[in-house]
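The values are calculated or read from the model by the stated rules, or taken from the named source; none is laboratory data. Since the structure is predicted, the reported quantities are computational estimates derived from the model, not experimental observations. Glycine gets a Cβ as well: all are built from the backbone with ideal geometry, and neighbour counts include every protein chain shown. For the accessible areas, the whole protein counts, side chains as well, though only heavy atoms, and no ligand, DNA or RNA atoms are used. Shrake-Rupley method; radii C 1.70, N 1.55, O 1.52, S 1.80 Å.
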Amino acid sequence: MYKIAVQLYTVREEMKENPVGTLEKVAELGYKGVEFAGFFNISAEEMKGHLERLGLTAVASHTPLEALENQFDEVIRYNKTIGNRYLVCPWSELKDKESLQEIGLRLKTLIPKVKAEGMELLYHNHDHELKILDDNFLLDKLVEVCDGELGLEVDTFWVYRGGVNPRDYMLKHEKHIPFVHVKDGTDEGLNALGEGKAPVAQVLETVEELGLEWIIVENDNPYPNGLEDIERSMVYLQNK
């Protein structure tokens, strides 16, 4: 059975106001792991202590390419201290052949450096990477440019919004996927799990079929706030 983590971007407003209290609430709601999107001026040693106290695992960290390129040693040191081994490029302007080569080269340069530290570099998709370039999805082309060495944090909602079946895409890239983002929504926007039209139940079945250790709950636009949104998502998951 998979374990449940949350992407802390969902509770970013709460993290800005009270990061430690928010982590405590996340743990109280039943989440076993977190994916970071910034560290809110908390030292690595202090963050490690909070995670250990709350029984939370650092599953991954969204890390802009610029940070990896310009602050590599600092990024690696912080993430190693808190026990995280997955660094995730959260976003890029991948849109055509030119950007594919530019972004692909940057990722390809970083992959061996990250691997040498005992860590993995992943790419988190939105729907624009599911556009077709020549005969394949842009996201697949990016993996090819990186000689198949780029891991994927498949965001199953954005795959769905891109017009692709999330289950099929997960099966296609099984060897590249250590975990996935699970979120829900409609054409109008995002929702807590179980409140939209995305094939969440099928995604969870596929996660179990593939034997993935973690799912990561995320909502870019939580309602009415991040903590209430992730609480509803947890209730949905607990009742599955």
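What the table below lists for this structure:
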quantity: Choice from VAL200, VAL59, VAL20 showing the highest fluctuation, given a GNM over the chain with Cα pairs closer than 10 Å; calculated: VAL20
quantity: Stretchable slack from ASP168 to HIS50, in nm (0.36 nm times residue separation minus alpha-carbon distance); calculated: 38.7 nm
quantity: Calculated diffusion of the range 154-204, Stokes-Einstein form, Kirkwood radius summed over Cα pairs, 10 °C and 1.306 mPa s, µm²/s; calculated: 146
quantity: Top of ILE76, ILE42, ILE103 by mean-square fluctuation, Gaussian network on the chain, Cα under 10 Å; calculated: ILE42
quantity: ARG12 accessible area, assembled protein chains, probe 1.4 Å, Å²; calculated: 50
quantity: Of all accessible heavy-atom area on the chain, the percent that carbon and sulfur account for (1.4 Å); calculated: 46
quantity: Relative contact order of the range 1-119, defined on C-alpha pairs under 8 angstrom at six or more residues apart (%); calculated: 22
quantity: Charge context of VAL11, other residues only, Cβ under 9 angstrom, K/R +1, D/E -1; calculated: -1
quantity: Å² of accessible area per residue within the chain, as computed with a 1.4 Å probe and no ligands counted; calculated: 45
quantity: Rg/Rg_globular for the chain, with Rg_globular taken as 2.2 N^0.38 Å and Rg from C-alpha atoms; calculated: 0.97
quantity: Accessible surface, 1.4 Å probe, highest first, among residues TYR9, TYR31; calculated: TYR9, TYR31
quantity: Normalised convex hull volume, the range 55-156, alpha-carbon set, Å³ per residue; calculated: 92
quantity: ASP147/GLU188 FRET efficiency (R0 41 Å; Cβ-Cβ; nearest 0.05); calculated: 0.55
quantity: Kirkwood Rh and Cα Rg combined as Rg over Rh, evaluated for the range 1-106; calculated: 1.02
